[in-house]
1. Using the alpha-carbon centroid of each, what span in Å lies between the range B:125-161 and the range A:596-628?
2. If you count, for each residue, the other Cβ atoms within 10 Å and average over each peptide, how do A:110-120, A:388-398, A:580-590 line up from highest to lowest?
3. Among B:83-93, A:302-312, A:494-504, how do they line up by average Cβ neighbours within 10 Å per residue, starting with the highest?
4. Taking each residue in B:137-147, count the Cβ atoms of any other chain within 10 Å of its Cβ, then average. What number comes out?
5. Compute the separation of the alpha-carbon centres of the range A:131-159 and the range B:276-335 and state it in Å as a whole number.
6. Name the aspartates and glutamates eligible as straight-distance cross-link partners of A:K604: C-alpha to C-alpha under 19 Å, and not fewer than 8 places from it in the same chain.
7. Starting from the 7 Å offset along Cα-to-Cβ, what nm value, one decimal, do you get for the label separation of A:K114 and A:Y71?
8. If you find the alpha carbon centre of the range A:487-503 and of the range A:306-343, how far apart are they in angstrom?
Amino acid sequence: MLQSGQECLVNIELPYTLGFGWTPVLRQQAAETSKESTESIVIPTKKTWNKEAVLQALASSVSRDPTAYPYQFQDDPYLTPRSYAEFQLFSLSQESGRATAKYIVNSNPKFFTKDFAEPHIPCLMPETVLLRLEEVTEEALKERISLRKVKAAVDMYDQLLQSGTAVSKETIHDLLDLICFYCDKDPVQEEAPELADTVRDELKRRKGRFRRASELLKLTWKENNSAERIFNLLPERDARCYSALIRGMVKHGAYAKAFNMYTDLLNNKLTADVHTFNALISAVTGVRETYNERWALITELLNQMTQQKVRPNLLTFNSVLKVLRYYGYFSKTQALQTLNEMKAIGIAPSLATFDHICAAFYKSVSSGSSNSDILQEVMTELAGRSFTCQDPDDVLFFSSAMKICLNGKDLELGYTVQSLVEVGENWKLLGDSYQQSIYYGRFFTLLCMMEHIDVVLKWYRWIIPSLYYPSSLGMSDLLQALDTDSRLDLLPTIWKDIRSLGHDNKPDLVEMLLGLMARDSHSPEVQESFALCALDVKTVVDEKPRFVWSALSLSYITTLLLRANRTEEAWKMLQLFKSNNRVPSEGLLGNFLSVCHSEGSSQKAIELVQLSATLCLSATGKLAKQALADFKLTEKQRAILFDLETTGEPSE
Amino acid sequence: MSASYSRVLLSLGRLNFPRLGLQKLTGRFTYATDLNTNSSSGKSKGLPEGKKRGQFGRRNKRIAGPPRTEKMPVDQDWAAVYPSATPFRSNSVPLPVRMGYPVQRGIPPEKKGNLELIKIPNFLHLTPVAIKKHCEALKPFCTEWPSALDSDAECDKHFPVKVKSTDYVSAGPSLRNPSARIVHLRVKLSSLNLDDHAQKKMLKLVGERYCKATDILTITTSSCPLRRQNYDYAMYLLTVLYHESWKTEAWEAEMTVADMEEYSWEGSPSQKNILDILLRMKVEAEGDADEVREKLLVRKDVEEYRDSVMRLKNEGENESSMLQYKEAVKKVLNM
């Protein structure tokens, strides 16, 4: 523009500054020398980066906040879930809300025509889910395939066949893939309202834990369904059609048929591809019973694979190892051989590989040390690496590794596994919230068992409740750890956490907590805090209508209140004994009596003995005797006590 | 929900009725008031008696947990709590702030549920520690500053033209901001090669865009929709101004006195007047009119007078220029 040929002008160059508001507008030439300066000004070339690089760099400077709630919820103590059940409920309801909104947007596109977002965000605008083409053409068939409408596609194909139109090979392949993948039924989103009802009925029937909805709605391959029908009608069938059918059959449980189809394929002198072989290998457990037979079949398949010059991939080896897991005696050697072959071919093992290998070496809980050795070697190999998910079974690695550490009581190994989880993005491989809770549950149990209480508390604050909502078992483990290291003064704070987690309706846990508090006597401040905590327990538990008081819990509370010199409240507790039909122990009543003696209230002593009489306790006689001896009583009181003593004695 | 609620009220009323044991009329009256109080307490959602509520199967209302500030350790990483610009959340900020007008001589309201704190922008995400971390993270995107450019003067010498534009970030459905297209171009006129006539013409052409104090010409373009277009237009304007100011058009010779920027004494009424006065005063004796005029002009006091008048007219009236004029007049008129 300006610079060439205008010697009267001084360089009109633009400075490259990265200050706020100055645009770095720059030519790509490296060196522009000025006319009379001593050194030449070297302008560096501009760096380029992709759109998200700056954001990613800034994000890398931020670490995790241990007190934060899970990111998908509102940051408010009222609106966040406090227990695992609430977490599931809230996240599922969020997802269902989103799905509903998406459904409404897609089914009423005429209300959502205006595009507010600049630049355009495609996922916010309605997607075409309704069919446009109605005529019997191949285009209409392709449209139905792309919109995943299985039944409509099958109908359209039948109509095309009847009308005599030829359908191209790719479309047939796509159609077969579609039918086999969805097992001849339309995918779930289509029929959302009706299917939701069926799901709810299923859930009512099966009360047990359901992890994936797909487990409930497992589809089975029906005899002579559309896929087989269309397949049989095809004039020529190539390897791709066979492959679609075989994989569909394996996916939906028709293993024997899959193998028959495979023999068909071999008879027609076609070669299967690697995905077909993977499917067949994973189907081996369904068609053969003993391990030897299974292994023989697998070796045969692998030989055929090499004969047909099909190169195996990661999933092949993972499927082989999955079968070998349960092989029994030979599993270790075979597993290692498979691993060596994998490395020889040059396929990098994924986490699922290591998971299967560890499982193959894992014998039982008793022989703990030998299990950890293999895991030790695996961890040294994996140290510091970050992984991506290449196999659906990758997510099971961490929880099984932690199980091995827990059973072998190996704390160091547990720390190694946790450090691998903290590398980069490996936390994504912990799986869904259920797998994550299993992993952290096992890790926390290991820590409570083996580690010093300070470290346990540090980890407690780090992972709870932002990453893990402990179950009542986890909390009882924590209580035991506190007991082992005699940090019982922390019990009131732990009670607060138990309350917020929603475990305060579990009588065993409450009893354990109260028992630990009441077992020994401590310094006065601690005693006072225990008494307050006990009162809190009582108020909280009273509000729950179905909670059943046990005698031990009640006596623990009374003991704690007595020790902190809160006799009024302790007296009220005694009344509770009667109303809940529980019997206080002898020691408790003796304790109470001595407290009454130190306070000097003889009327209370009388009432106490009367109470024990109404409860028909064997200790009434002794109590009456003691009361007579220790207290200054009026005549009337003496008379009552004499009665009680005498009535108490024959019952002994 | 309302059906069960009314059922509850009726049964509560029935419970109360025999307990009171009063006359029928007053009993009904207290029945009614008891209903009212119970309904009001129900609406205010307290938990009056746990057992009663339990009887009618109503679940306990969810209470808010403690704010998470209680769990925050003193040495936590604050940049993790507020990594980016977010509104103020009272349960995440462990500071006892208060904001608002103290009503009736009270104190400003606390932070919980305080809309005033949420409305204002906060910079909790930009503590000095956080800024340091951000700078460290952004260093790989930067290149080295050329070592030869170590002072402002050097920068001005080698890169006299400076371009400025602003990027805007805001939360909303659209990323675009129309103000982002504005481009400011600044250049010092002393760095452009302009002779006297070119300078004067340039100043006339740009008018208000020139700041005399700093000698900077600022061209602001915002007429095109895109920033690149505005930048190109600004550079084009600079080029055109430069070339145009060097050209001399034919009609520039028709410049009148009113167009001139500076006052020049030659040919002005002031010169005519002083010469007339001096002629009449017969300072110089011989010679005809033209020679006398020339001699007069060369005289020192006339030159001083000329200087003082030019100064007055160009600089404006101030103390020193008026004094100078006074002295010059006194000398010329021999007072």
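1. If we compute the Cα centre of each part, the gap is 86 Å.
2. Taking the mean over residues of other Cβ atoms within 10 Å, the ranking is A:388-398, A:580-590, A:110-120.
3. Packing order, densest peptide first, comes out as A:494-504, B:83-93, A:302-312.
4. Averaged over the peptide's residues, the number is 5.
5. Centre-to-centre (Cα) distance: 105 Å.
6. A:E568, A:E569, A:E586, A:D630, A:E635, A:D643, A:E645
7. So the label points at A:K114 and A:Y71 sit 3.2 nm apart.
8. Each part's Cα centre sits 49 Å from the other's.
The values are calculated or read from the model by the stated rules, or taken from the named source; none is laboratory data. In this text the structure is predicted, and so the values were computed from the model without any measurement. Backbone-built Cβ (ideal geometry, glycine too); neighbour counts: all protein chains shown. Note: areas computed on protein heavy atoms with side chains; ligands, DNA, RNA excluded. Shrake-Rupley method; radii C 1.70, N 1.55, O 1.52, S 1.80 Å.
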